[in-house]
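J.: Just passing along the structure, written as structure tokens.
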Amino acid sequence: MSNVSIFDLATAGVQSLVPYQPGKPISELQRELGLDAIIKLASNENPLGPSPKALAAIQKTLPELALYPDSSGYDLKNALAQKLQVKSEQITLGNGSNEILELLARTFLTPDTEVIFSQHAFAVYPIVTQAVGACAKIVPAVDYGHDLTAMLKTVSANTRMVFIANPNNPTGTYLNAAELSAFVQALPEQVICVLDEAYFEFAAAAADYPDTLQWLARHPNLVITRTFSKAYGLAGLRIGYSISGEMIAELLNRVRQPFNINMLALAAVQAALDDSEHLQRTLANNRDGLQQLTEGFAALELEWIPSLGNFVSVHLHRPGLPVYEALLRKGVIVRPVANYEMPQHLRISVGTARENQIFLNALKDVL
Ligand SMILES: *Cc1c(COP(=O)(O)O)cnc(C)c1O
């Protein structure tokens, strides 16, 4: 027997890490319960699926799979740059936008640096921070949202990065243009400011949602991350991107793996960008679905956190986990959020009208 504890060999940050808890896959619940009819409203996926144009592009690309993908993502970056009116040198592609969050941590953080984010913020921020041994400073939320004043007060000489999810997952809360712009301007230049806009396409409908791209010219410390996993319905392909100043993009490019984006993802996303009809259908389904869900909550006399995303967190006024488990037994997968310090909430992703109704019926039964 060895006397060496392998666990003790891991870095302190990794020893104290709690792994990310994903939504329960449909196949897993099928194995456990032998149920046929299962709906998953647990991972903020697009209930309409991907664009048919993306699927056709994948079909067309399949015969080329023996080749490595284009490491530079040349065509896609150009298409994105044109759409967003930025330079292609400002764009970084990631294996999901989560990879970009990780690249940022590996590029800028050391054990001597501090990272600021909010209570209830997206669970990947503490993971990428701790994995590189940096020190997380978690700022208490106000009404489930970011307390920007308190976050600014937390900035010290050692602060190197701040993560802001706008809107935030799992709360759905958002920061408007005026308040976020004031924060970005007040932040010292040596703090990398990561604005996570994973739900950008849904949120942009709000009149006071910030147009952050226009801030990039004045703030070389700014990074905006977006994804094709949510509104574009391509979570399974793993592709997201960031827009930043050219220097941040250049640094991230040094750290990333040379073929971090696969060939099918490159092709599919380029086609999906052209399918504005599918995106409009998705946004309309989401608007209607949020209304359907929140009307259902109101009828059950439950409160919810108003959300700009494709999900909504509902307050049950009782522990969420037993309700989550009872819903599972009825074939409905939602997301418990006790790990986000919200033990009495459940997060529901917007489904189709039919899925939303099945969920609401099941919730009524369970309660
Ligand atoms: C879903 C999500 C992401 C990223 O997802 P990817 O699939 O890795 O692009 C990033 N931030 C937030 C807040 C999210 O909810």
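Please treat every number below as a calculation from the coordinates, not as lab data. Small disclaimer: the values here were computed from a predicted structure and weren't measured. All Cβ positions, even for glycine, are placed from backbone atoms using ideal geometry, and neighbour counts span all protein chains on display.
J.: Hey, could you pull the Cα Rg and Dmax for segment 183-323, both in Å?
T.: Answer for segment 183-323, Rg first and Dmax second: 18.5, 53 Å.
J.: What are the extents of the Cα atoms of the chain along their three principal axes, listed from largest to smallest and rounded to whole Å?
T.: Dimensions of the chain along the principal axes of its Cα atoms: 61, 54, 48 Å.
J.: Out of segment 194-283, which chymotrypsin sites (Phe, Trp or Tyr not before Pro) are coil in DSSP terms and have no more than 15 other C-beta atoms within 10 Å? Provide the component values of the computation, followed by the final result.
T.: On the way: sites: TYR199, PHE200, PHE202, TRP215, PHE228, TYR232, TYR241, PHE259; in loops: TYR199, PHE228, TYR232, PHE259.
Hits after loop and neighbour filter: PHE259.
J.: Over all alpha-carbon pairs in segment 297-367, figure out the percentage whose distance exceeds 15 Å. Numbers along the way, then the final one.
T.: Numbers: 1242 of 2485 pairs.
Value for segment 297-367: 50 percent of Cα pairs lie more than 15 Å apart.
J.: How large are Rg and Dmax for segment 43-121 when calculated on the C-alpha trace, in angstrom?
T.: 17.1, 48
J.: In Å, the Kirkwood hydrodynamic radius of segment 173-216 over pairs of distinct alpha carbons? Numbers along the way, then the final one.
T.: On the way: mean 1/r = 0.0889 Å⁻¹.
When all Cα pairs of segment 173-216 are included, the Kirkwood radius is 11.2 Å.
J.: Let me ask something additional. Let me check against my output: what whole-number percent is the relative contact order of segment 120-277, with C-alpha pairs under 8 Å and at least 6 apart?
T.: On the way: 194 pairs, mean separation 25.5, N = 158.
Result for segment 120-277 is 16 percent.
J.: Is any helix in the chain, taking whole DSSP H runs, at least 27 angstrom long along its axis by alpha carbon and on average at least -1.0 on the Kyte-Doolittle scale, and which ones?
T.: Details: long enough: 276-299 (34 Å, -0.83).
Both cut-offs are met by 276-299.
J.: Where the only charges are on Cβ atoms (+1 Lys, Arg; -1 Asp, Glu), what is the dipole of the chain about its Cα centre, to the nearest 20 debye?
T.: Its charge dipole is roughly 400 debye.
J.: So, one more: What longest range of the chain stays clear of loop-exposed GluC sites (Glu not before Pro) (DSSP non-H/G/I/E/B, at most 10 other C-beta within 10 angstrom)? If you can, show how the numbers build up before the last one.
T.: Working: sites that count: GLU189, GLU301.
Longest stretch, sites excluded: 1-188.
J.: Cut-off under 17 Å on the C-alpha distance; same-chain residues fewer than 8 positions from LYS40 excluded. Which aspartates and glutamates are left, in chain and number order?
T.: Counting by Cα, and skipping residues close in sequence, LYS40 has these aspartates and glutamates nearby: GLU28, GLU32, GLU325, GLU355.
J.: At a threshold of 8 angstrom on Cα-Cα distance, excluding pairs fewer than six apart, so keeping six or more, what relative contact order does segment 225-356 reach in percent? The partial results should precede the final answer.
T.: Details: 139 pairs, mean separation 24.7, N = 132.
Reported as a whole number, the value is 19 percent.
J.: Taking the alpha-carbon set of segment 1-87, what are its Rg and Dmax in Å?
T.: Values for segment 1-87 (Cα only, Rg and Dmax): 21.7, 61 Å.
J.: Give me the lysines in straight-line cross-link reach of LYS77: C-alpha distance below 23 Å, same-chain residues under 8 apart excluded.
T.: Candidates past the 8-residue exclusion: LYS53, LYS60, LYS87, LYS230.
J.: Can you find, among CYS135, ILE26, LEU175, the residue farthest towards the positive end of the dipole of the chain? Put +1 on the C-beta of Lys and Arg, -1 on that of Asp and Glu.
T.: With unit charges placed on the Cβ atoms, the residue in question is ILE26.
J.: Let me have the relative contact order for the chain, percent, based on Cα pairs under 8 Å that are six or more residues apart. Kindly include the intermediate steps, with their values, before the conclusion.
T.: Values: 675 pairs, mean separation 85.2, N = 367.
Rounded, it is 23 percent for the chain.
J.: Straight-line reach from LYS137: which lysines have a Cα under 27 Å away, not including same-chain ones fewer than 8 places off?
T.: Those lysines meeting the cut-off are LYS153.
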